[in-house]
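A.B. asks: Mind having a look at this structure? Questions to follow.
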Amino acid sequence: MATGAPTVTIHNDLFVPGTGSDPLNSLDPRAPLVLDTRELGRRPGSQREVTRSVPAPADLGIEVLRVPEGSPVELDLRLEAVMEGVLVTGSATAELVGECVRCLEPITDKMSAPFQELYVYDDIDHDPDEDDETRRLEADLVDLEPLLRDAVVLALPFQPLCTEDCPGLCAECGARLADDPGHTHEAPIDPRWAGLTQLQQDED
């Protein structure tokens, strides 16, 4: 007879919440950007090196320059247990696509974003006045995605250019000036003299 109890699944001694489980323990240890720190044993000074390639999550970057969704992101990490939690230090390397903010030409590039963050244990007392942005472990799991997003955005140029001296687009017709360095337009006629100009043309 059904009891209505939530279902759970055990994978390699890891508790994976099922439907109806506690939403506070929502991390999936099998997710590419979730790290299991239990091997450190909460022993200050213990370390673990992690190198992995993960697919880029959606919207990783800024509007004009980003890591394509699903493309590989190479992670080189060191996890170190400290008194308060786990210190994560490393870098993320990935290919970029975007467009020049001056001439709108497509841009491809490569970036490496360094980062370091302390993830505090979730079962120890915390100062109520503590910064709300403090990152926490969830059942000894690290959610790396928010840290990765912050690191990538900080590593990107605010206004990416195809070349440092890109002249941009013609303000009058939109032509790409780098393709036509001598691009010019006739000076506009002062509307006060437009009638005289037309009269001269008629006489000619």
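The values are calculated or read from the model by the stated rules, or taken from the named source; none is laboratory data. What you see is a predicted model; the values in this text were computed from it and never measured. When we count neighbours, we look across all protein chains shown, and the Cβ atoms used for this are built from the backbone with ideal geometry, even at glycine.
A.B. asks: Can you tell me which of Pro114, Pro146, Pro128, Pro181 is at pLDDT 80 or above and either in contact with a Lys or Arg (Cβ under 8 Å, 6 or more places away or on another chain) or assigned to a loop (DSSP other than H, G, I, E, B) (or both)?
C.D. replies: Working: Pro114 fails: either in contact with a Lys or Arg (Cβ under 8 Å, 6 or more places away or on another chain) or assigned to a loop (DSSP other than H, G, I, E, B) (or both); Pro128 fails: at pLDDT 80 or above; Pro181 fails: at pLDDT 80 or above.
None of the others qualify; the one that does is Pro146.
A.B. asks: If we scan the stretch 31-51, do we find a residue that is part of a strand (DSSP E or B), modelled with pLDDT of 90 or more and at positive phi? Walk me through how you get there before you give the answer.
C.D. replies: We begin by selecting, within the stretch 31-51, every residue part of a strand (DSSP E or B); these are 34-36, 47-51.
Narrowing further to those that are modelled with pLDDT of 90 or more: 34-36, 47-51.
Checking the rest, the ones that are also at positive phi come to none.
The answer is no, given that none of the residues of the stretch 31-51 is part of a strand (DSSP E or B), modelled with pLDDT of 90 or more and at positive phi.
A.B. asks: In addition: Give the residue that is surrounded by the fewest Cβ atoms within 10 Å (Cβ to Cβ), with candidates limited to residues of the stretch 50-83 that are under 28 Å from Ile124 (Cα atoms) and in contact with a strand residue (DSSP E or B) (Cβ under 6 Å, 6 or more places away or on another chain). Explain how you work it out, then say what you get.
C.D. replies: Step one: filter the stretch 50-83 for residues under 28 Å from Ile124 (Cα atoms), giving 50, 77-83.
From what is left, the residues that are in contact with a strand residue (DSSP E or B) (Cβ under 6 Å, 6 or more places away or on another chain) are 50, 77-80.
Details: Val50: 15, Leu77: 18, Arg78: 13, Leu79: 21, Glu80: 17.
Only one residue fits best here, namely Arg78.
A.B. asks: Ok, one more. If we keep just the residues of the stretch 131-143 that are surrounded by 12 or more Cβ atoms within 10 Å (Cβ to Cβ) and under 29 Å from Arg66 (Cβ atoms), which is modelled with the lowest pLDDT?
C.D. replies: If we filter the stretch 131-143 for residues that are surrounded by 12 or more Cβ atoms within 10 Å (Cβ to Cβ), which is where we start, we get 134-143.
Right, trim to under 29 Å from Arg66 (Cβ atoms) and you get 134-138, 141-143.
On the way: Thr134: 85, Arg135: 91, Arg136: 91, Leu137: 93, Glu138: 92, Leu141: 95, Val142: 95, Asp143: 96.
Looking at the filtered set, the residue picked out is Thr134.
A.B. asks: Also, quick follow-up: When you check Val101 against the structure, is it in contact (Cβ under 8 Å) with a residue 40 or more places away in the chain and either over 23 Å from Ala178 (Cα atoms) or not hydrophobic (A, V, I, L, M, F, W, C) (or both), yes or no?
C.D. replies: Values: in contact (Cβ under 8 Å) with a residue 40 or more places away in the chain: yes; either over 23 Å from Ala178 (Cα atoms) or not hydrophobic (A, V, I, L, M, F, W, C) (or both): no.
Spelling it out, it is not the case that Val101 is in contact (Cβ under 8 Å) with a residue 40 or more places away in the chain and either over 23 Å from Ala178 (Cα atoms) or not hydrophobic (A, V, I, L, M, F, W, C) (or both).
A.B. asks: If a residue must be polar (S, T, N, Q) and in contact with a Lys or Arg (Cβ under 9 Å, 6 or more places away or on another chain), how many such residues does the stretch 56-109 contain?
C.D. replies: Residues of the stretch 56-109 polar (S, T, N, Q): 71, 89, 91, 93, 108.
Next, from what is left, pick out any that are in contact with a Lys or Arg (Cβ under 9 Å, 6 or more places away or on another chain): 89, 93.
Result for the stretch 56-109: 2.
A.B. asks: Quick check on my filter: what residues within the stretch 56-76 are under 12 Å from Pro32 (Cα atoms) and either in a loop (DSSP other than H, G, I, E, B) or under 8 Å from the mean Cα position of the chain (by Cα) (or both)?
C.D. replies: Ala56, Pro57, Gly70, listed by residue number.
A.B. asks: Go through the residues of the stretch 13-30 one by one and say whether even a single one is farther than 30 Å from Pro106 by Cα, modelled with pLDDT of 95 or more and surrounded by 15 or more Cβ atoms within 10 Å (Cβ to Cβ).
C.D. replies: Pass one, the stretch 13-30, residues farther than 30 Å from Pro106 by Cα: 13-30.
So of that shortlist, the ones also modelled with pLDDT of 95 or more come out as none.
No, the stretch 13-30 contains no residue that is farther than 30 Å from Pro106 by Cα, modelled with pLDDT of 95 or more and surrounded by 15 or more Cβ atoms within 10 Å (Cβ to Cβ).
A.B. asks: Go through (1) over 17 Å from Val88 (Cβ atoms); (2) among the β-branched types (Val, Ile, Thr); (3) part of a strand (DSSP E or B) for Val153 and report which single condition fails.
C.D. replies: Answer for Val153: the failing condition is (3).
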